[in-house]
Amino acid sequence: MLSSRLLCWRRAMVIAGRSLTCVILTCLYLFWHPSGQLENFDLSFEYSPALAVSSAKEPLASVRDWRTLIPDVFVYAAHMASPEAFGQELHITAITKLYDTSRCFCTYPSSSKNASSLRNVTERAILENLWERHNLFRTASRFRCPLPSSPVPFQKVGLTCKSKNTPKREGFVEFLLSGRCLNSTIKEFSIALCVGSSLRGKYSDDPSSVIEFVEYHRILGVDKFFFYITDVSTRVLRVLEHYERTGVAELMNWTLPFKAERIHYFGQVALINDCFLRTSSRWDFTGHLDLDEYVATTNSDGLRGALRDSKADWLLLRTCVVRDPVPRNLAANEVNNSSENLHVSKIGGVRQRSTYVFPESARTKYFCRSRKVVFFGVHSVSGMVPGCAAMAAKPEETLLFHFRPEIDSMVEVVEDRRASAAAAQAAVNMAAVRNELGLV
């Protein structure tokens, strides 16, 4: 009798031990493998940043400023990711060390007025490096946060990180979500254009170049400009604020919280990914250009027509070189303070370009339906959703003019006046803006 009881007891202990092991393994799996794409989450309601501000105990920091989460982890803004490319996720733009191993979590505080539904939802955040291939100390990154599986209304998200190397280092940052609805209708062939890394150096005090760039590309069909600003003069800022007031542009502060040389070209890859994600649910196509790059096309309907006729979700533009009318040896203050140079038209003066057109593997730029893309690089994209159509524009139809102060005398040139008509229309608008802002 005693032996049978001992046998039963041993069997019970074995079963209990196995059950406990299963529970532990399940918990470990859930901890280390956060859920990916969550189904049936209702995104039909519109997020309201105003409600989030009124319900917050303390004012939230601006979504347009870099903040330090923990040492070597910097975060910028939170956006809803494209359901087509990622499923139900929220992404946070970041800059981190290469191979950062911090453990991070996203918390969604409920904003419901119903007391029974007031609860926070926490999900494990996935930290991804957006490879720049420059092997610098810091790299563009993003946090991917799965959305809650239950439709708890929320207007903000908190990000908590703990450093694995120094467990006592823990940081928390809270973001407001964009006041928009993912299910909103996107106007077909509407275009957004991102500008950032080039808005420095000689362009930091060159209001005429900013005006010409905007007015010319508006003629081609660009609906909205997104300027990421670091350090610009009062005159340039006045121009940018004019376009913001008139609804033509949105301005973001891109002042990095560390020395710029510790990341490639002022965090350009992080900037591009933030801007393309920011525009993915509001505009059909998004592109990224520098202030010395102009789209030139023979299409009678401009850039919008080129995108429409290509029947592509991702259109690659090849580049050629054209001469910048401002001499290389002229000092920046001479260029910018001269009233004569306020009326120098870069694109309006183009009559010739280099015969050589760079191949598809070099110096290209692109416009794409950003909701269909996983990763945005400077010159190309990767990870397009199935069925996404891609093509390169024919240089004889659409080309990117890249202004250089001088063209080597050995470079062969060919006549190309395809930008003249749009430049002439833009010149009228440029004069009106300069007159309104007193830049005469």
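Residues of the stretch 286-316 falling in the label zone of GLU396, defined by backbone nitrogen less than 15 Å from a point 7 Å along Cα to beta-carbon, are 298-299.
Take the Cα of ALA421, step 7 Å toward its Cβ, do the same at GLU170, and the gap between the two points is 6.4 nm.
What FRET efficiency comes out for the pair VAL374/VAL428, r = Cβ-Cβ distance, R0 = 41 Å, nearest 0.05?
Values: r = 41 Å, r/R0 = 1.01.
Working from the Cβ atoms, E equals 0.50.
Across the stretch 392-398, computed HN-Hα scalar couplings (Karplus, 6.51 cos²θ - 1.76 cosθ + 1.60, θ = phi - 60°) run 9, 5, 6, x, 6, 9, 9 Hz from first to last residue, x flagging Gly and Pro. Checking the cross-link pairs LYS97/LYS224; LYS156/LYS365; LYS224/LYS365; LYS97/LYS162 against a 24 Å limit on the alpha carbon distance flags LYS97/LYS224; LYS156/LYS365 as lying beyond it. Under 5 Å from the amide H of ARG103 lie the amide H atoms of LYS162, LYS164, each residue being 5 or more positions distant or on a separate chain, with H modelled from the backbone and absent for Pro and chain starts. The slack between ALA362 and SER345, meaning 0.36 nm per residue of separation minus the straight C-alpha distance, is 3.4 nm.
3J(HN,Hα) couplings calculated from phi for the stretch 309-325 with the Karplus curve 6.51 cos²θ - 1.76 cosθ + 1.60 (θ = phi - 60°) are, in sequence order, 6, 6, 6, 10, 8, 9, 10, 8, 10, 7, 10, 10, 9, 10, 7, 6, x Hz; Gly and Pro show x.
Residues whose amide H comes within less than 5 Å of that of PHE225, counting only those at least five positions distant or on another chain, are LEU193, ALA249, GLU250 (H built at 1.01 Å from N in the peptide plane). Counting only residues at least eight positions apart within a chain, or on another chain, the aspartates and glutamates with an alpha carbon under 15 Å from that of LYS259 are ASP72, ASP231.
With R₀ fixed at 56 Å, the C-beta to C-beta distance from THR246 to SER382 puts the FRET efficiency at about 0.95.
From the alpha carbon gyration tensor of the stretch 221-286, can you work out the equivalent ellipsoid semi-axes (sqrt of 5 times each eigenvalue) and give them in Å, largest to smallest? Write down the numbers at each step before the final one.
On the way: eigenvalues 96, 67, 11 Å².
So the three semi-axes of the stretch 221-286 are 22, 18, 8 Å.
Take the Cα of TYR99, step 7 Å toward its Cβ, do the same at ASN120, and the gap between the two points is 3.3 nm.
Can you give me the convex hull volume of the Cα atoms of the stretch 191-437, divided per residue and expressed in Å³?
On the way: hull volume 32.5 nm³, N = 247.
Cα-based convex hull of the stretch 191-437, divided per residue, equals 132 Å³.
Readers should treat all values here as calculations from the given coordinates under stated rules, not as data from a laboratory. Everything quoted here is computed from the prediction, not taken from an experiment. Because the Cβ atoms are built from the backbone with ideal geometry, glycine has one as well, and the counts that use them run over all protein chains shown.
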